[in-house]
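Peer 1: Below is a structure I'd like to ask you about.
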Amino acid sequence: MTASMTGFKAGDVIWVAFPHVESERSTVRPALVVTEKMVGPNNGLLWAMMVTNALRPDWPGDLPIEHYASIGLPHPSKIRTAKIATLDASGAEIIGQIDDRLLAEVRSVITTNLGG
């Protein structure tokens, strides 16, 4: 399901083109929306964190997604809170949503990283 330009909310798990820090390319992959509203010109951007395969080596701040299949993720996954990006929402597609407990953990990591 594709959300309208204002239909994304914090906790949505989406398929979206996510940039690589290590190169100039992007890959369509799952990501977690962390903003309550769209940002940027014409409200066409959103802030999201990378969702990656749980088998990848852990980074500080990684948070496991316990019920990955019910969210629509194809394999065990985790939120890589160290990789947050501003993304074009026009091609993003909602596949599910994390629970309130995990969203609270994500928000705690954001607050800690911002020094708040």
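Rule-based calculations on the coordinates, nothing more; no lab input. Fair warning: this is a prediction, and the values are worked out from it, not measured in the lab. Note: ideal-geometry Cβ built from the backbone for every residue, glycine included; neighbour counts use all protein chains shown.
Peer 1: So, in the stretch 23-46, exactly how many residues are farther than 13 Å from VAL106 by Cα and outside any loop (DSSP other than H, G, I, E, B)?
Peer 2: Qualifying residue count, the stretch 23-46: 11.
Peer 1: Out of the residues in the stretch 86-101 that are surrounded by fewer than 19 Cβ atoms within 10 Å (Cβ to Cβ) and among the hydrophobic types (A, V, I, L, M, F, W, C), which is nearest to GLY7 (Cα to Cα)?
Peer 2: ILE94
Peer 1: Pick from ARG101, ARG25, ARG29, ARG56: which is of a type in the set (D, E, K, R), touching a strand residue (DSSP E or B) at 6+ places or on another chain (Cβ under 7 Å) and free of Cβ contacts under 8 Å to residues at least 60 places away in the same chain? Give the steps one after another, and end with the answer.
Peer 2: Values: ARG101 fails: touching a strand residue (DSSP E or B) at 6+ places or on another chain (Cβ under 7 Å); ARG25 fails: touching a strand residue (DSSP E or B) at 6+ places or on another chain (Cβ under 7 Å); ARG56 fails: touching a strand residue (DSSP E or B) at 6+ places or on another chain (Cβ under 7 Å).
It is ARG29.
Peer 1: Find the residue count for the stretch 90-114, including only residues that are over 18 Å from TRP15 (Cβ atoms) and polar (S, T, N, Q).
Peer 2: First pass over the stretch 90-114, keeping only residues over 18 Å from TRP15 (Cβ atoms): 99-114.
So of that shortlist, the ones also polar (S, T, N, Q) come out as 108, 111-113.
Here the count works out to 4.
Peer 1: Moving on to the next point. Have a look at VAL106, VAL13 and point out the one that is of a type in the set (A, V, I, L, M, F, W, C), buried (at least 18 other Cβ atoms within 10 Å of the Cβ), assigned to a helix (DSSP H, G or I) and under 12 Å from the mean Cα position of the chain (by Cα). Steps first, please.
Peer 2: Numbers: VAL13 fails: assigned to a helix (DSSP H, G or I).
So the residue among VAL106, VAL13 that is of a type in the set (A, V, I, L, M, F, W, C), buried (at least 18 other Cβ atoms within 10 Å of the Cβ), assigned to a helix (DSSP H, G or I) and under 12 Å from the mean Cα position of the chain (by Cα) is VAL106.
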